[in-house]
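**Student:** Below: one structure in structure tokens.
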């Protein structure tokens, strides 16, 4: 986490004089620091929604999906 926060700080410091919004900033790091859980029961109940892929399966598939799309 320290490396990511250091990088975010560097982005902010570099972009600020040019008026550019940094791609990563310290405040966005809170997203990664916080342990959040989301409840989708209302979407299931009201909309009849069900995930196409369960969470564990999504975690398993994600790295390969990124490799295939050249996003990493």
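**Student:** Which count do you get for residues in the stretch 2-39 that are part of a loop (DSSP other than H, G, I, E, B) and surrounded by 12 or more Cβ atoms within 10 Å (Cβ to Cβ)?
**Tutor:** First pass over the stretch 2-39, keeping only residues part of a loop (DSSP other than H, G, I, E, B): 19-25, 34-39.
Now restrict to residues that are surrounded by 12 or more Cβ atoms within 10 Å (Cβ to Cβ): 22, 24-25.
Qualifying residue count, the stretch 2-39: 3.
**Student:** Here's another thing I want to ask about it. For residue 59, indicate whether it is loosely packed, with under 11 Cβ neighbours inside 10 Å, assigned by TED's automatic domain parsing to the domain that holds residue 7 and without any contact (Cβ under 8 Å) to a residue 40 or more places away in the chain. Walk me through how you get there before you give the answer.
**Tutor:** Working: loosely packed, with under 11 Cβ neighbours inside 10 Å: yes; assigned by TED's automatic domain parsing to the domain that holds residue 7: no; without any contact (Cβ under 8 Å) to a residue 40 or more places away in the chain: yes.
Taking the combined requirement at face value, the residue does not satisfy it.
The values are calculated or read from the model by the stated rules, or taken from the named source; none is laboratory data. Worth saying up front: this structure is predicted, and the values here are computed from it rather than measured. With ideal geometry, Cβ positions are generated from the backbone for all residues, glycine too; neighbour counts draw on all protein chains shown.
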